[in-house]
Amino acid sequence: MTSSARPRRSVLYMPGSNARALEKGRGLPADALILDLEDAVAPDTKELARNQIVAAVLAGGYGAREIIVRVNGLDTPWGQEDVAAIAGCGADAILLPKVESAAMVQKLEALMVSSGAAEDMAIMCMMETPLGVLRADEISGASGRLSCLVMGTSDLVKDLQAAHTPDRAPVLTSLSLCVLAARAYGLAIVDGVHLDLQDDSGFAASCRQGRELGFDGKTLIHPKTVAAANAAFAPSVDEIAWSQKIIAAHSEAAAEGKGVVVVDGKLIENLHVESAQRLVALAGKIEELASGAAH
């Protein structure tokens, strides 16, 4: 099963300099939290944020949520110290900003190893520059630790000198190139943030579009959007029922030596069954996460 099987419907950014937010994260129904040392943290509070994140993760209490720490770029005054500190705290993954080459991923991996990171600590990559998007293929194959690509559409729109539009037409090519690369290498991929917190219908449309494009979930900037993202990227009751129905019918047909089966007038082949199995597995993992996060 690829890393995309883990639920990442809602991936919420939380500033590492805000101790109250780090505490609040323990009770939010987000699938994953990005504890941020980069954009959300002013230069004079970088060290405080780093210490607070390490203490919060070591203290635990986040249940089954995936805990990701976004470090500063390795070429900044803080990046390498961030990696050294985070490597041993028990976070699930380190998120590297503005990734533009396989070499950047491999440099992070070497630093993680030298800092004593556990073998199962993953790497995630922010895809937020034109060069990064053009090299999505190279980046996605850079390391066995790589688990997920994270779109940074705000920076991308700025660098493209494009506009934020309701249909996101200016970034559709970039989004699709990154989805292609992620799926080619068995990685998960989460969509960029929706900046207007008052625009509920726009947020819903963005989630719907993201799911249609193939994203596993969406990065978020406010807890109030978690429930909507969870609903948008979760398999529906009808989808689960249909998937279970075609899995059972295909299994029955296979036992009788038939390779193809018709269910409710629709031709069902192996490819449909594989998609159905992935969806049912995801639904099961979402249930597990819900019960695990409550503990």
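All of the numbers you see were taken from the coordinates with simple rules; none came from a lab. Keep in mind it's a predicted model, so treat the numbers as computed, not measured. Cβ coordinates were reconstructed from backbone atoms using ideal geometry, including for glycine residues, and neighbour counts include every protein chain displayed.
Some points to look at:
- A simple charge model with +1 on the Cβ of Lys and Arg, -1 on the Cβ of Asp and Glu and nothing else charged puts the dipole of the chain at about 300 debye relative to its Cα centre.
- Pairwise centroid distance, computed over Cα atoms, of region 33-112 with region 144-166, Å: 19
- log10 of Debye I(q)/I(0), alpha-carbon scatterers only, for region 143-251 at 0.24 Å⁻¹: -1.35
- Residue order, fewest to most beta carbons within 10 Å, for Lys266, Lys107: Lys266, Lys107
- Spherically averaged projected area of the convex hull of Cα atoms, region 1-87: 6.0 nm².
- Separation in nanometres of the label points that stand 7 Å from Cα toward Cβ, at Ala227 and Leu197: 1.7
- Sorted by Cβ neighbour density within 10 Å, fewest at the top, the residues Tyr13, Tyr62, Tyr185: Tyr185, Tyr13, Tyr62
- Degrees, to the nearest 10: 200-213 long Cα axis against longest axis of the chain: 70
- This ranking places His272, His250 by how few other beta-carbon atoms lie within 10 Å of each, fewest first, which gives His272, His250.
- Dipole magnitude for region 237-293: about 80 debye, using +1 per Lys or Arg Cβ and -1 per Asp or Glu Cβ, origin at the Cα centre.
- Projected-area average for region 237-293 over all orientations - Cα convex hull basis, square nanometres: 4.1
- Think of the chain as a dipole: +1 on every Lys or Arg Cβ, -1 on every Asp or Glu Cβ, centred on the Cα centre; then among Thr165, Ala136, Gly202, Gly202 lies furthest on the positive end.
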